[in-house]
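Below is one structure, written out as structure tokens, with a few remarks after it.
The values are calculated or read from the model by the stated rules, or taken from the named source; none is laboratory data. Since we're looking at a predicted model, the values are computed, not measured. Cβ placement follows ideal geometry from the backbone for every residue including glycine, while neighbour counts extend to all protein chains displayed.
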Amino acid sequence: MISGKTKLYGVMGWPIGHTLSPVIHWEFARAMGIDMEYMAFSVEPDQVEAAVKGAYALGIRGMNVTVPHKQTVIPFLDGLDKGAQVVGAVNTLVRTDKGYRGYNTDVTGLSRSMAEAGMTARDRVCILVGAGGAAKAAAYVLAEEGAAKVYALNRTIAHAEVLAGDLNRLFGREIIVPMALDGWRDIPDTGCLAVQTTSVGMAPKGEEAPIEDVEFYKKLDMAFDVIYTPWLSTFLMQAATAGAKVSNGSDMLVYQAAAAFELWNPGLKLSGEAIANAKMAIMAARGSAS
Ligand code: NAP
């Protein structure tokens, strides 16, 4: 029941109709008995500042931020948490006395989900596909876990170079090697762990993959794709066909949401039942996601 005391949360992105975040937060709130609602807000790129100020003025308790606003929202916030500073992208806003503080829970979401899938980067040669916000979170996870090396492949090599420069400085070693998308041909290694972080292959263009040559997939032992619609992206299908273990981004989505929910409710720890319910709910809802 919505009442005058119901707390409002939401997610802003553009477009936003495909988001499964309201489903997840509804399950969390129901399982934990919290009086809240969570809405999806379609915010055009030139309206980000107005949306942040308006949300604050309306008393919205917290927000998630998704594509394409994860970086452009930063100037309108009351400071950044260390993790968001490191990654240079924000996906969660927590209300303070002066505005919203920016956090990045994609790092927690990805590392928890990869660990559960049995995918560890320790001492492994990794291939990161993409150089946007999700890629920065993934690069941080791979470097932090102790990857032997991370080849960062991206359509715009300049973006991969910036990502590599930032992370190599942070970790104090030349761990990330920037490359163009077709640079994989020069990678001598096999048995690699690949993390796909571009939006290429997302529904309704599920037949696409950022790398199409089947030879690429023979280099992989494990492949993680942040995409979860379709459930098995063409990237993951190619990797599985080449014999790699694969995992999609659905658990990452649930775990990044869990970390945001716990930031909004200090002291609260989501129950195993709440997490399990959210995972089931997104599996059920994915049929209607586009
Ligand atoms: P972003 O910052 O806009 O970055 C997009 C990336 O995709 C860039 O590397 C971009 O390359 C690349 N790209 C876009 N179109 C391309 C194309 N046609 N061909 C080749 N590369 C292309 O977006 P993001 O925040 O990183 O999000 C990326 C994806 O991750 C989205 O699908 C998002 O939904 C998903 N995601 C999932 C989760 C989860 O919990 N499962 C969490 C975060 C993000 P350029 O640099 O050349 O533009």
Those residues of segment 233-256 which are touching a strand residue (DSSP E or B) at 6+ places or on another chain (Cβ under 6 Å) and either in a helix (DSSP H, G or I) or among the hydrophobic types (A, V, I, L, M, F, W, C) (or both), in sequence order: F235, L236, A239, A240, A244, V246
Per-region count, segment 197-210, residues under 15 Å from F224 (Cβ atoms) and more than 9 Å from the ligand (Cβ to nearest atom): 1
First in segment 216-230 and under 12 Å from Q196 (Cβ atoms), second anywhere and hydroxyl-bearing (S, T, Y) and assigned to a loop (DSSP other than H, G, I, E, B), Cβ under 7 Å, 6 or more apart: D225/S233; V226/T197; I227/S233
Identity of the residue in segment 196-223, touching a helix residue (DSSP H, G or I) at 6+ places or on another chain (Cβ under 6 Å) and not in a loop (DSSP other than H, G, I, E, B), that ends up nearest to V129 (Cα to Cα): Q196
Failed condition for A259, given (1) within 12 Å of the ligand (Cβ to nearest atom); (2) in a loop (DSSP other than H, G, I, E, B): (2)
Residue match in segment 170-188 (condition: surrounded by fewer than 17 Cβ atoms within 10 Å (Cβ to Cβ), modelled with pLDDT under 95 and within 12 Å of the ligand (Cβ to nearest atom)): no
Test set (1) surrounded by fewer than 18 Cβ atoms within 10 Å (Cβ to Cβ); (2) over 22 Å from V226 (Cα atoms); (3) within 16 Å of the ligand (Cβ to nearest atom); (4) not polar (S, T, N, Q) - P15 fails condition number: (2)
Only one of A147, A121 that is away from the ligand (no atom under 13 Å from the Cβ) and in contact with a helix residue (DSSP H, G or I) (Cβ under 6 Å, 6 or more places away or on another chain): A121
Selection status of L153, buried (at least 24 other Cβ atoms within 10 Å of the Cβ), part of a helix (DSSP H, G or I) and either of a type in the set (S, T, N, Q) or out of contact with any Lys or Arg (no Cβ under 8 Å at 6 or more places or on another chain) (or both): no
Failed item in (1) within 14 Å of the ligand (Cβ to nearest atom); (2) of a type outside the set (A, V, I, L, M, F, W, C); (3) in contact with a Lys or Arg (Cβ under 9 Å, 6 or more places away or on another chain), with G79 passing the rest: (1)
Checklist (1) of a type in the set (A, V, I, L, M); (2) at pLDDT below 95; (3) assigned to a loop (DSSP other than H, G, I, E, B) applied to I282, failing item: (3)
